[in-house]
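Can you keep this structure in mind? I'll have questions shortly.
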Amino acid sequence: MIASAATGTGRILLPAIFLLQCGAQLLASEVESGKISADGRQREFLVSTPGSAGPHPAVVVLHGGTLNAQNAMRTTGFEPLVEREGLLAVYPSAIAGHWNDGRRSAHWSSNSGDDVAFIRALVAELVRTGVADAHRIYVTGPSNGGMMTLRLVCEAAELFAAAAPIIASMPADLAPRCRPARPLPVLVMNATADPLVPYGGGSVGLRGERGGVLSTGDTIAFLRKVNGCSAESKTDRLPDADPADGSDVAVISWTDCSSRAPVLLYRIDGAGHRIPRRNEAPRQVVDRLLGPANHDFEAAEAIWSFFRDKRR
C-alpha cells in the first residue's frame with residue numbers, strides 16, 4: 001500500500017510502512033518502494049526497514065552507473081545489516097541509471113536532473129515521518145554513486161553524519177567548486193588496479209569517455225584539508241583472508257583533525273573496479289572487464305563500522 005504526503009519540494013509517495021508511529025512494532029524487516037517529485041520529476045527509491053520501531057539510523061546507498069536501486073540492494077551488502085543493526089537502508093534510483101555527480105563532460109550530465117535536490121527531499125521526508133534519525137543519516141555508493149556521494153559532501157554535508165564513496169574519486173569538474181558546509185567524516189575505498197576509475201586520477205571509463213577524476217591521493221588531501229587533518233597517519237593491514245584473489249588491503253587513517261572528523265582510506269592493492277565482498281562467486285567475464293575482486297572483507301560491514309558512532 002502506498003500513502004502520499006505533501007512536501008515543500010513537491011509531492012512524495014511513501015509506503016504505508018513509513019507512516020507508522022514510533023511506538024508501533026513491526027514483525028520483521030520489509031522492503032517497500034516509493035516515489036517522490038523533486039525538481040519537477042518523479043523519482044523512485046526503495047527502503048528496507050527493520051522490524052523495530054523508529055526513528056532509525058539511515059544509510060542512503062547510491063547505485064553505480066547504468067544500474068538502479070534494485071541492483072544496489074542486491075550487490076552492496078547492506079541488507080544483512082538492516083535487521084541486525086536496526087538501520088534503515090535507502091536505495092534511490094538515478095534518472096536513466098546515471099547520477100549527476102558533477103562531471104560536466106560526461107555525456108549524460110545535461111539530462112540527469114538535480115540529484116542533490118532529490119536526495120535533500122528524500123532525506124527531509126524520511127526525517128519528517130519519523131522513520132529516520134536526523135542526527136544519524138549516512139551516504140555511500142560505488143562508482144558513479146561514489147562520485148555522487150562526494151558531490152553530496154560538497155553541496156549537502158549538513159544532511160549527513162558521515163560519507164563513504166566506494167571505487168570513486170573526486171570528479172575533476174567538481175573539485176574547484178566544492179565548498180562543503182561543514183567537515184564530514186569520510187571513508188574512501190579505492191582499488192589500485194581499477195581500470196574504470198584510475199587510482200592515479202585521469203579519464204574515467206574503459207575508453208576515457210566519462211569525464212575525469214582527481215587521483216585518490218589528491219581526493220584524500222582535499223578531504224583532509226576540509227576536515228583540518230594533519231599529515232600524520234596510521235596504516236594497518238587487514239588479514240589476507242583470500243590469498244587467491246591476488247589483492248590485500250591497507251587501512252590508512254587520519255584522525256588528528258581539528259574538526260574531529262576523521263578521513264580513512266581503504267587502499268585495496270591489486271584489485272579492480274569491484275565492491276569488496278567476502279563470498280562473491282567468481283565471474284570470469286566481469287573479472288576481465290573490471291579487474292579482480294577483493295574477498296578479504298565485506299565493504300558494507302567496514303562502512304557501517306565507520307558510520308556507527310558518527311552523529312551530526
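The values are calculated or read from the model by the stated rules, or taken from the named source; none is laboratory data. This one's a predicted model, so the numbers in the text were calculated from it and none came from an experiment. Don't worry about glycine lacking a Cβ; one is built from the backbone with ideal geometry, like all the others, and counts go over all protein chains shown. Calculation scope for accessible area: heavy atoms of the full protein, side chains included, ligands and nucleic acids excluded. Shrake-Rupley method; radii C 1.70, N 1.55, O 1.52, S 1.80 Å.
Which one is most open to solvent (accessible area, probe 1.4 Å), of the residues in the stretch 122-141 that are within 20 Å of residue 99 (Cα to Cα) and either out of contact with any Leu (no Cβ under 8 Å at 6 or more places or on another chain) or hydroxyl-bearing (Ser, Thr, Tyr) (or both)?
Filtering the stretch 122-141 down to residues within 20 Å of residue 99 (Cα to Cα) leaves 122-124, 137-141.
With the extra rule that they be either out of contact with any Leu (no Cβ under 8 Å at 6 or more places or on another chain) or hydroxyl-bearing (Ser, Thr, Tyr) (or both), the set shrinks to 122, 124, 138, 140.
Working: 122: 2, 124: 58, 138: 0, 140: 0 Å².
Result: 124.
Could you tell me whether the stretch 289-311 includes any residue that is modelled with pLDDT under 95 and among the charged types (D, E, K, R)?
Looking through the stretch 289-311, none of the residues is modelled with pLDDT under 95 and among the charged types (D, E, K, R).
Restricting to the stretch 268-312, name every residue that is in contact with a strand residue (DSSP E or B) (Cβ under 9 Å, 6 or more places away or on another chain) and assigned to a helix (DSSP H, G or I).
299, 300, 302, 303, 304, 306, 307
Related question: List, please: which pairs have Cβ atoms under 9 Å, are six or more places apart or on different chains, and start with a residue in the stretch 133-144 that is at positive phi and end with one that is part of a helix (DSSP H, G or I) and not acidic (Asp, Glu)?
Between residues of the stretch 133-144 that are at positive phi and residues that are part of a helix (DSSP H, G or I) and not acidic (Asp, Glu), the close pairs are 141/72; 141/147; 141/148; 141/149.
Report those helices (runs of 4 or more DSSP H) wholly inside the stretch 41-131 carrying at least 3 residues which are within 15 Å of the chain's Cα centre (by Cα). Spell out the reasoning first.
Numbers: elements: 69-75, 79-85, 115-128.
Fully inside the stretch 41-131 and qualifying: 69-75, 115-128.
Out of all the residues in the stretch 216-246, which are open to solvent by 60 Å² or more (accessible area, probe 1.4 Å), in a helix (DSSP H, G or I) and closer than 14 Å to residue 271 by Cα?
Answer for the stretch 216-246, where residues must be open to solvent by 60 Å² or more (accessible area, probe 1.4 Å), in a helix (DSSP H, G or I) and closer than 14 Å to residue 271 by Cα: 243, 244.
Tell me which of these residue 139 doesn't satisfy, since it passes every other one: (1) in a helix (DSSP H, G or I); (2) at pLDDT 95 or above; (3) out of contact with any Lys or Arg (no Cβ under 8 Å at 6 or more places or on another chain).
(1)
While we're on this one: Sort out which residues of the stretch 258-273 are surrounded by 18 or more Cβ atoms within 10 Å (Cβ to Cβ) and touching a helix residue (DSSP H, G or I) at 6+ places or on another chain (Cβ under 6 Å), and write them in order of number.
Start the filter on the stretch 258-273 by keeping residues that are surrounded by 18 or more Cβ atoms within 10 Å (Cβ to Cβ), which leaves 261-268, 271-273.
The answer is 261, 263, 265, 272, 273.
Scan the stretch 98-123 residue by residue and report those that are out of contact with any helix residue (DSSP H, G or I) (no Cβ under 8 Å at 6 or more places or on another chain) and either at pLDDT below 95 or of a type in the set (Val, Ile, Thr) (or both).
Listed by number, the residues that qualify are 104, 105, 106, 107, 108, 109, 110, 111, 112, 113, 114.
Over 16 Å from the mean Cα position of the chain (by Cα), open to solvent by less than 50 Å² (accessible area, probe 1.4 Å) and more than 12 Å from residue 166 (Cβ to Cβ) - does that describe any residue in the stretch 302-310? Outline the logic, then answer.
The first filter runs over the stretch 302-310 and keeps only residues over 16 Å from the mean Cα position of the chain (by Cα), leaving 309.
Then drop every residue that is not open to solvent by less than 50 Å² (accessible area, probe 1.4 Å), which leaves none.
Scanning the stretch 302-310 turns up no residue that is over 16 Å from the mean Cα position of the chain (by Cα), open to solvent by less than 50 Å² (accessible area, probe 1.4 Å) and more than 12 Å from residue 166 (Cβ to Cβ).
What pairs can you find where one residue is in the stretch 223-240 and hydroxyl-bearing (Ser, Thr, Tyr), the other is surrounded by 11 or more Cβ atoms within 10 Å (Cβ to Cβ), and their Cβ atoms are less than 6 Å apart, with a gap of 6+ or different chains?
Hits for this filter: 230/256; 233/252; 233/254; 235/250; 235/252.
So, of the residues in the stretch 175-215 that are surrounded by fewer than 20 Cβ atoms within 10 Å (Cβ to Cβ) and of a type in the set (S, T, N, Q), which turns out to be modelled with the lowest pLDDT?
203
While we're here: Whether any residue in the stretch 131-139 is closer than 19 Å to residue 308 by Cα and among the hydroxyl-bearing types (Ser, Thr, Tyr) is what I want to check. Don't jump to the end; show me each part of the working.
If we filter the stretch 131-139 for residues that are closer than 19 Å to residue 308 by Cα, which is where we start, we get 131-139.
Next, from what is left, pick out any that are among the hydroxyl-bearing types (Ser, Thr, Tyr): 138.
Yes.
Does residue 29 qualify as being at pLDDT below 95, buried (at least 17 other Cβ atoms within 10 Å of the Cβ) and closer than 25 Å to residue 302 by Cβ? First the steps, then the outcome.
Values: at pLDDT below 95: yes; buried (at least 17 other Cβ atoms within 10 Å of the Cβ): yes; closer than 25 Å to residue 302 by Cβ: yes.
So residue 29 passes the test.
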